[in-house]
Each structure stands twice: as C-alpha cells, then as structure tokens.
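As structure tokens, the structure follows; a few thoughts come after it.
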Amino acid sequence: MRLILLGLPGAGKGTQAHVLADQLGLLHISTGDMFREAAANRTELGLRAQEFMSRGELVPDEVTIGMLLERIAQPDAEKGIMLDGFPRTIPQAEALDAALGERDSQIDAVLYIEVPEDQLMSRLTGRWTCAGCGAIYHEQTNPAPEVLDCCTDAKLTQRADDQPDTVKARLDTNREWTEQLADYYEAASKLHHIDGTGDPSDITARLLAAIETVPTTAAEA
Ligand code: AP5
Ligand code: MG
C-alpha cells in the first residue's frame with residue numbers, strides 16, 4: 001500500500017505514522033525527519049533546508065521533490081510506504097503521481113487528520129521528541145517516562161521550530177496548501193477525512209477503519 005498522512009502541523013501525523021507503519025508493515029517516510037537528520041549531519045541539503053524550516057516556511061520544491069523521489073526508489077520502499085509531510089504542494093503531488101505512474105503504481109489513499117487549529121499550538125509547544133528514535137511525547141498529554149528507554153540513544157529534545165512564533169508561521173504557511181491538497185485528492189476519490197481529536201489510540205482505530213475500505217486490489221499492490 002502507498003498511503004499519505006495529510007494534516008496541519010501538530011495534527012498527529014508522526015504519532016500515528018509510527019504506530020501504523022509498524023502495524024501495516026509499511027516504510028514510514030517523513031520529509032521533516034529527513035531534513036532534520038540532514039541538518040544535524042550538516043550536509044549542504046540539510047543546511048539549506050534548515051534556513052526555511054527555522055522560519056516556518058516550506059523547503060523549495062526543487063530540493064524536496066528530488067529527495068523524496070530518490071527515497072521511494074530505494075528497495076526498502078517496495079513493501080509499501082506511509083508518507084508523512086509529503087506532498088505539501090500541488091507540484092509535489094503531481095511529481096509523486098508521475099513517478100509512481102512510471103512504475104504502474106499509485107497512491108492508494110490519503111488520510112486527512114483534522115484537528116481544530118486552537119488545539120495545535122499547545123500540542124506543538126509541549127512536544128518532546130527522542131533524538132535517538134523519533135518517539136514523540138507531550139509534556140501534558142503523553143509524558144515521556146522518567147527513565148527514557150525507547151532506544152539505546154534515548155535523549156529528549158525540543159524541535160527548534162516548536163517555539164510559539166515559528167508554530168504560528170508554520171500554521172500560516174500550511175493552511176492553504178493543506179486545503180489545496182485535500183481538494184486535489186478528493187477529486188481523485190482518494191481522500192478520507194479523519195477526526196484527529198481525542199485519544200491517539202481512538203484516532204489509530206479511525207485510520208485503520210478508513211484503510212480497510214481501500215479497494216482490495218490496491219491493498220494487495
Ligand atoms: P514536519 O516535521 O513534517 O512538521 P509539520 O508538518 O509541521 O508537522 P509536525 O511534525 O509538527 O506535526 P505532526 O502532525 O507530525 O504531529 P505529532 O504527531 O508530532 O516538517 C517540518 C518542516 O520541514 C516544515 O515546516 C518545512 O519547513 C519542512 N518540510 C517538511 N516536509 C516538507 C515538504 N514536503 N515540502 C516542503 N517543506 C517541507 O504531534 C504533535 C504533538 O501533539 C506531540 O507532542 C504529540 O504527543 C501530541 N499529540 C499527538 N496526537 C495527539 C492527540 N490525539 N491528542 C493530544 N496530543 C496529541
Ligand atoms: Mg511530524
């Protein structure tokens with residue numbers, strides 16, 4: 001299966017992708033995580049991306065599309081993919097469709113996790129992430145354990161772009177594109193609206209229920 005998780009910053013894409021990709025045997029690909037890793041390694045691509053990320057802006061398509069297409073062409077993507085944070089623009093969506101089409105493949109479903117915007121600021125400013133494995137916590141709603149043992153390199157960090165001013169910029173940047181992408185995939189009859197409020201495990205169940213409705217031929221592809 002080839003699935004996309006769509007949603008504003010803080011909607012819960014990463015939280016759900018960690019659970020679902022594992023459960024469904026899919027490769028989780030987060031372009032945000034790829035850029036952060038490249039920035040931490042101080043590669044040319046990472047340092048360029050960091051300039052945009054620190055302002056809450058999108059990294060330009062010419063950088064992002066090439067990086068993503070290269071990643072999904074790797075052998076480990078053949079088992080199926082769960083995209084988190086890509087596409088974020090219509091040109092990205094079109095490039096993805098074209099690249100998959102060349103391999104007689106396609107996106108099977110787009111899961112649009114919807115959360116009222118007034119809940120997103122507190123979700124993001126209270127987020128803590130493990131630098132070792134990417135496990136996602138929240139200081140109120142999902143506190144990390146006293147002794148962090150999620151991986152061998154466990155260490156909690158806060159994302160630089162989770163400061164209130166940058167969160168506001170990210171929401172402003174993403175609002176319009178997210179709606180445009182929802183329309184794009186609605187027109188292709190691939191969009192599933194998912195209520196992203198409430199307990200994360202309830203949201204996982206809603207996502208799985210939507211995925212079960214994806215036609216069997218696509219599900220077996
Ligand atoms: P990216 O890393 O993708 O960030 P984002 O889209 O802003 O989304 P987040 O990761 O902040 O939120 P999320 O939906 O994953 O929520 P999470 O599960 O962590 O991108 C970062 C930057 O990279 C972009 O701004 C851009 O610059 C660049 N970039 C990336 N992709 C790009 C692209 N394709 N094109 C151009 N530029 C690109 O949850 C958030 C918090 O909420 C956590 O603390 C979690 O514990 C909590 N939480 C989760 N679920 C619940 C719940 N149900 N109830 C209460 N709290 C919850
Ligand atoms: Mg994320």
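Tell me the mean residue ellipticity at 222 nm calculated for the chain from its helices only (DSSP H runs of n ≥ 4, each -39500 (n - 2.57), averaged over every residue, nearest 500). Intermediate values should be presented prior to the final figure.
Working: 9 runs with 105 residues, N = 221.
One gets -14500 deg cm²/dmol as the mean residue ellipticity at 222 nm.
With a ≥ b ≥ c taken as the square roots of the eigenvalues of the C-alpha gyration tensor of the range 130-174, please select rounded if a/c is under 1.5 and otherwise prolate if a/b is larger than b/c or oblate if it is not? Here the range 130-174 falls in the prolate category. Between Glu186 and Thr125, the simple spin-label model (points 7 angstrom out along Cα→Cβ) gives 3.1 nm.
As an exercise, use a Förster radius of 30 Å and the Cβ-Cβ distance of Asp97 and Gln158 to find the FRET efficiency, rounded to the nearest 0.05.
Details: r = 35 Å, r/R0 = 1.18.
Working from the Cβ atoms, E equals 0.25.
For Leu27, the amide hydrogen comes within under 5 Å of the amide hydrogens of Gly80, Ile81, Met82, counting only partners 5 or more places away or on other chains and with H modelled in the peptide plane.
Sorted from largest to smallest, which semi-axis lengths in Å does the alpha carbon gyration tensor of the range 1-132 give for its equivalent ellipsoid, taking the root of 5 times each eigenvalue?
Working: eigenvalues 100, 72, 44 Å².
Largest first, the range 1-132 gives 22, 19, 15 Å.
Using equal-weight Cα scatterers in the Debye expression, the normalised intensity of the range 147-215 in log10 at q = 0.14 Å⁻¹ is -0.78. Kirkwood analysis of the range 56-152, using all unique Cα-Cα pairs, places the hydrodynamic radius at 16.4 Å. Taken one residue at a time, the phi angles of the range 111-122 give Karplus couplings (6.51, -1.76, 1.60, θ = phi - 60°) of 9, 9, 7, 10, 9, x, 4, 5, 8, 6, 4, 5 Hz. Gly and Pro are set to x.
What is the packing order of peptides 178-184, 155-161, taking the mean over residues of other C-beta atoms within 10 Å and listing the highest first? Mind dumping the intermediate values first?
On the way: 178-184: 16.3, 155-161: 13.9.
So the peptides 178-184, 155-161, ranked by packing, come out 178-184, 155-161.
How large is the translational diffusion coefficient of the chain in µm² per second when you combine the Kirkwood radius over alpha carbon pairs with Stokes-Einstein at 10 °C and 1.306 mPa s? The diffusion coefficient I find is 89 µm²/s. Accessible surface area normalised per residue over the chain is 51 Å², counting heavy atoms of protein chains with a 1.4 Å rolling probe. The listed residues Asp76, Asp108, once ranked by accessible area (1.4 Å probe) with the largest placed first, stand as Asp76, Asp108. Across Met1, Met121, the residue with the most accessible area heads the list, and the full order at a 1.4 Å probe is Met121, Met1. Sort out for me the Cα centre separation of the range 93-109 from the range 121-148, rounded to whole Å. Rounded to whole Å, the Cα centres lie 34 Å apart. Of the solvent-accessible surface of the range 119-172, computed with a 1.4 Å probe and all protein chains present, 51% belongs to carbon and sulfur. Based on the Stokes-Einstein relation at 20 °C and a viscosity of 1.002 mPa s, and on the Kirkwood radius from alpha carbon pairs, the range 100-221 is assigned a translational diffusion coefficient of 126 µm²/s. Please list, in order, the residues from the range 63-104 whose amide nitrogen is less than 16 Å from a point placed 7 Å along the Cα→Cβ vector of Glu44. Only 63-64, 66-67 fall inside the zone, counting backbone N under 16 Å.
The values are calculated or read from the model by the stated rules, or taken from the named source; none is laboratory data. Since the model is a prediction, treat every value here as computed from it, not as a measurement. Glycine gets a Cβ as well: all are built from the backbone with ideal geometry, and neighbour counts include every protein chain shown. Quick note on the areas: whole protein, heavy atoms, side chains included, nothing else; ligands and nucleic acids left out. Shrake-Rupley method; radii C 1.70, N 1.55, O 1.52, S 1.80 Å.
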